[in-house]
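Visitor: Okay, handing you the structure first.
What follows is calculated from the coordinates using simple rules that are stated; it is not laboratory data. Quantities reported herein were computed from a predicted structural model and do not represent experimental measurements. Cβ atoms come from the backbone with ideal geometry, glycine included; neighbour counts cover every protein chain shown.
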Amino acid sequence: MVKKLLHTRMRVNDLERTVKFYEDVLGLKVGRRHTSPRGAQLVFIRTPNSDEEIELCQLPGSPPVKVQPDLMHLAFEVDDLAAFQAQAAKKGYKLSDGPTRTGTGSVIAFIDAPEGYEIELIQRG
């Protein structure tokens, strides 16, 4: 039986650019880095209030990553979506969708990571 989710892997084209996005825009922290036995550069990003990590992987010699629209997304809770939006804009990142009020009173929006992976931001109602 599965005990718990440990990490989610996302392959990227530019590891350092993507790490910078997760650190500068989302405020997440790198937990560890290493090279896999197959030569992949791996960076594990810690997520607040969770044991789960995001594993970013750049695999040398592989075809470029092309994220299909609406393929997948990560969702993060934020305290103040308007404040998040303002801080992200100062760093050159704009929301790709929203903000939108949901039927439950929450407000959601999306911002795209460098390869096009969607990040959902949720301000609970």
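Visitor: At a Förster radius of 30 Å, what calculated FRET efficiency corresponds to the Cβ-Cβ distance of Thr35 and Asp79, to the nearest 0.05? It would help to have the intermediate numbers written out before the result.
Guide: Numbers: r = 36 Å, r/R0 = 1.22.
Given R0 = 30 Å and the Cβ-Cβ separation, E is 0.25.
Visitor: I'd like the distance separating the alpha-carbon centroids of the stretch 94-125 and the stretch 1-79, in whole Å.
Guide: Answer, in whole Å: 19.
Visitor: Sticking with this structure for a sec: Express as a percent, rounded to the nearest 5, the fraction of DSSP beta bridges in the chain (both residues included) that run antiparallel.
Guide: So the antiparallel bridges in the chain amount to around 70 percent.
Visitor: Could you tell me the convex hull volume per residue, in Å³, taken over the Cα atoms of the stretch 1-117?
Guide: Working: hull volume 17.0 nm³, N = 117.
Hull volume normalised by residue count: 145 Å³.
Visitor: Quick one: which residues, 5+ away or cross-chain, put their amide H under 5 Å from the amide H of Gly31? H built at 1.01 Å from N.
Guide: Phe44, Ile45, Arg46
Visitor: Excluding Ala75 itself, calculate the net charge of residues whose Cβ lies under 10 Å from the Cβ of Ala75, where each Lys or Arg counts +1 and each Asp or Glu counts -1.
Guide: -3
Visitor: Round to the nearest 0.05 the FRET efficiency obtained for Val2 and Asp70 when R0 = 25 Å and r is the Cβ-Cβ distance.
Guide: With R0 = 25 Å, the Cβ-Cβ based efficiency is 0.45.
Visitor: About the Cα centre of the stretch 7-123, how large is the charge dipole given +1 on each Lys and Arg Cβ and -1 on each Asp and Glu Cβ? Please answer in debye to the nearest 20.
Guide: With only Lys, Arg, Asp and Glu charged at Cβ, the dipole is about 420 debye.
Visitor: Moving on. Once amide H atoms are placed 1.01 Å from N in the peptide plane, what residues at a sequence separation of 5 or more from Asn13, or on another chain, have their amide H within under 5 Å of its amide H?
Guide: Val65
Visitor: Under a 5 Å amide H to amide H cut-off, with H placed in plane at 1.01 Å, what residues pair with His7 once short-range neighbours are removed?
Guide: Answer set, sorted by chain and number: Glu53.
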